[in-house]
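A.B. asks: After the C-alpha cells below, expect a handful of questions from me.
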Amino acid sequence: MKSSRCDLIIIDDEKEVRDSLKQMFSIAGFYVFETHSAMEALNVISGDFGGVVISDIKMPEMNGLVFLSKLRKFNKILPVILITGHGDVKLAVKSLKLGATDFLEKPFNPEELLKKVKLLCHQRKKVLRSLDQKVHVSLKEMTDEFEKERIIYYLKKHDGIILGVMKDLKLPRRTLNEKMAKYGINRKFYINE
C-alpha cells in the first residue's frame, strides 16, 4: 500500500492507543493507517506522503527515535509528532533535534492533538502544492516556508504574544526572535488591541 492517499499514520505498540486515536481522527475526516511496527510504517511511507505521522517512542523492535532518524534519511520535512508515557526534558530535546515536529507526553489532550494534526496536515499540503508549482525548490526553501507558516499560525493564535508562541513551538525566546527576523515576521501585525 502506498501512502500518498493517507492523511495520518499512527505508530504505537499499544492497541488501545492506536484504536482510540484512529477512531478520533476517522470521525474528524482523516484517512488513518495504523500499525504497531515502526518498520512497517517506514515501508508504507512514500516520499510524497501528504499527511502527518504520530509515533510512540518506547516500542519493541524499533523505537520512535530510531524510526525518526531512518525516516529523515529520505524525507526531511514530513511532520512527525512523537508521543511517550515516559518523557523528560532530555528526551524531548533529543526528539526535536532529530527532527520531530512536536513531542507530547501521555496522557495528552486529544483535542489539542487533533488541532495540531489538522494544522500540520494543512501546512504539509500547502508545502507540497508549492513544490508542485516550483519543481526546482530546494529542501531548505521548503523547510523555511513550513517553519515560517508555523510561526505565523502561532502568532495569530496567541495574538502576537511571544510566550504563547515559544511554549507551542518549544523554542527559547532568542531562537524564536532569530527565526522571526530571518523570515521578516513582525509580531506587531498579530497583536489584537
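A.B. asks: More than 16 angstrom separation, counting every C-alpha pair in segment 1-83; what % is that?
C.D. replies: Values: 1523 of 3403 pairs.
For segment 1-83, the share of Cα pairs beyond 16 Å comes to 45 percent.
A.B. asks: While we're looking at this one, here's another question. When the Kirkwood hydrodynamic radius is evaluated over all pairs of different C-alpha atoms of segment 96-193, what value in angstrom, to one decimal, is obtained?
C.D. replies: On the way: mean 1/r = 0.0684 Å⁻¹.
For segment 96-193, the Kirkwood estimate is 14.6 Å.
A.B. asks: Now a separate question. Taking amide H positions as placed in the peptide plane 1.01 Å from N, state which residues far from LEU104 in sequence (5 or more) or on other chains have amide H under 5 Å from it.
C.D. replies: Amide H to amide H, under 5 Å and 5 or more residues apart or across chains, LEU104 pairs with LEU82, ILE83, THR84.
A.B. asks: When the Karplus curve 6.51 cos²θ - 1.76 cosθ + 1.60 is applied with θ = phi - 60°, which whole-Hz ³J(HN,Hα) does each residue of segment 11-24 get, with x for Gly and Pro?
C.D. replies: 3J(HN,Hα) across segment 11-24, in whole Hz: 10, 7, 7, 8, 4, 4, 5, 4, 4, 5, 5, 4, 4, 4.
A.B. asks: Which percent of the Cα-Cα distances in segment 58-150 go past 18 Å? Walk me through the numbers before you get to the answer.
C.D. replies: On the way: 2186 of 4278 pairs.
Percentage above 18 Å: 51.
A.B. asks: Dividing the Cα radius of gyration by the Kirkwood radius, what Rg/Rh value follows for the chain? Mind dumping the intermediate values first?
C.D. replies: On the way: Rg = 16.6 Å, Rh = 17.3 Å.
Rg/Rh: 0.96.
A.B. asks: Something else about it: Hey, can you find the accessible area per residue of the chain for me, probe 1.4 Å, expressed in square angstrom? Kindly include the intermediate steps, with their values, before the conclusion.
C.D. replies: Details: 10520 Å² over 193 residues.
Per residue, the chain has an accessible area of 55 Å².
A.B. asks: Let me ask you something else. How big is the accessible area of PHE33 in square angstrom, nearest 10, if you roll a 1.4 angstrom probe over the protein chains?
C.D. replies: 30
A.B. asks: Please list, ordered by chain and number, the residues whose modelled amide H lies under 5 Å from the amide H of LYS58; skip anything fewer than 5 residues away on the same chain.
C.D. replies: GLY64, GLY85
A.B. asks: In degrees between 0 and 90, to the nearest 10, how far off the longest principal axis of the chain does helix 110-133 point, with axes built from Cα atoms?
C.D. replies: Orientation of helix 110-133: about 80 degrees from the principal axis.
A.B. asks: Using θ = phi - 60° and the Karplus relation 6.51 cos²θ - 1.76 cosθ + 1.60, list the HN-Hα couplings for segment 141-154 in order, rounded to whole Hz, with x at every Gly or Pro.
C.D. replies: Each residue's phi maps through the Karplus curve to give 5, 5, 5, 4, 5, 4, 5, 4, 4, 5, 4, 4, 4, 6 Hz.
A.B. asks: For segment 1-109, which whole percent of the accessible surface, found with a 1.4 angstrom probe, sits on carbon and sulfur atoms?
C.D. replies: Numbers: 2710 of 5110 Å².
Carbon and sulfur together cover 53 percent of it.
A.B. asks: Enter the angle in degrees (range 0 to 90, nearest 10) between the Cα long axis of helix 173-183 and the first principal axis of the Cα atoms of the chain, meaning the one along which they spread out most.
C.D. replies: 80
A.B. asks: Find out how many positive minus negative residues lie around MET39, taking Lys and Arg as positive, Asp and Glu as negative, among other residues whose Cβ is under 11 Å from that of MET39.
C.D. replies: Working: positive: LYS70; negative: GLU40, GLU61.
Charge balance in the 11 Å sphere: -1.
A.B. asks: Using each residue's phi in segment 98-106, evaluate 6.51 cos²θ - 1.76 cosθ + 1.60 at θ = phi - 60° and report the 3J(HN,Hα) Karplus result to the nearest Hz, with x for Gly and Pro.
C.D. replies: Karplus values, whole Hz, x for Gly and Pro: 6, x, 5, 7, 7, 9, 10, 9, 7.
The values are calculated or read from the model by the stated rules, or taken from the named source; none is laboratory data. This is a predicted model, so every value here is computed, not measured. Heads up, the Cβs are rebuilt from the backbone with ideal geometry, glycines too, and the neighbour counts pull from every protein chain shown. Remember, those area values only see protein heavy atoms, side chains included, never the ligands or the DNA or RNA. Shrake-Rupley method; radii C 1.70, N 1.55, O 1.52, S 1.80 Å.
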